[in-house]
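Report on the following structure.
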């Protein structure tokens, strides 16, 4: 393997560890272990530091227009190719929970691609827009959260406004 391959692998691993530890922290909080939750959040933050360092060495962050274009490409590949294949395989396997998870993600990735395209088209306008994210399926909406999530049916209270 090359150094670049190792950097990509390390970036992926550190990124996944961050998300995993944040999920562990949420569970520790639910289970009544706030100190363990705090430790998981601290480790998650450290993993983010590592991931960002690897990404910096890879020169993986460009100017905002290039970053938006990369995000559009990635989200588009996910909703056009990756998730439809995964839905099909999960349904074939009878893994209904996985198929549902993939379907929700697929719908949201298409929304993300559109939001990124809109941001790219309006780059420099600096119009302030609020975003709300459904904490059940990840649906991302501009402005106020809807009464009911159009993707998963969750109530407005399941949306979190992003600062």
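Readers should treat all values here as calculations from the given coordinates under stated rules, not as data from a laboratory. It should be emphasised that the depicted structure is a prediction, and the values quoted were computed from it without experimental measurement. All Cβ positions, even for glycine, are placed from backbone atoms using ideal geometry, and neighbour counts span all protein chains on display.
The rows are residues; the columns are (1) farther than 27 Å from residue 13 by Cα; (2) touching a helix residue (DSSP H, G or I) at 6+ places or on another chain (Cβ under 9 Å); (3) not in a helix (DSSP H, G or I).
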| site | (1), (2), (3) |
| --- | --- |
| 60 | no, yes, yes |
| 78 | no, yes, no |
| 84 | no, yes, no |
| 91 | yes, yes, no |
| 110 | no, yes, no |
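Restricting 65, 105, 119 to those that are part of a helix (DSSP H, G or I), in contact (Cβ under 8 Å) with a residue 24 or more places away in the chain and exposed (fewer than 13 other Cβ atoms within 10 Å of the Cβ) reduces the list to 65.
The set of residues in the stretch 8-40 being surrounded by fewer than 17 Cβ atoms within 10 Å (Cβ to Cβ) and in contact with a helix residue (DSSP H, G or I) (Cβ under 7 Å, 6 or more places away or on another chain) consists of 29, 36. Comparison of 60, 74 shows that the only residue that is surrounded by fewer than 17 Cβ atoms within 10 Å (Cβ to Cβ) and either touching a strand residue (DSSP E or B) at 6+ places or on another chain (Cβ under 7 Å) or touching a residue at least 24 places away in the same chain (Cβ under 8 Å) (or both) is 60.
Kindly indicate which of 7, 55, 20 is under 29 Å from residue 119 (Cα atoms) and either under 21 Å from the mean Cα position of the chain (by Cα) or not in a helix (DSSP H, G or I) (or both). After ruling out the rest, the residue left standing is 55. Based on this model, can you work out whether residue 82 counts as surrounded by 15 or more Cβ atoms within 10 Å (Cβ to Cβ) and under 23 Å from residue 4 (Cβ atoms)? So residue 82 passes the test.
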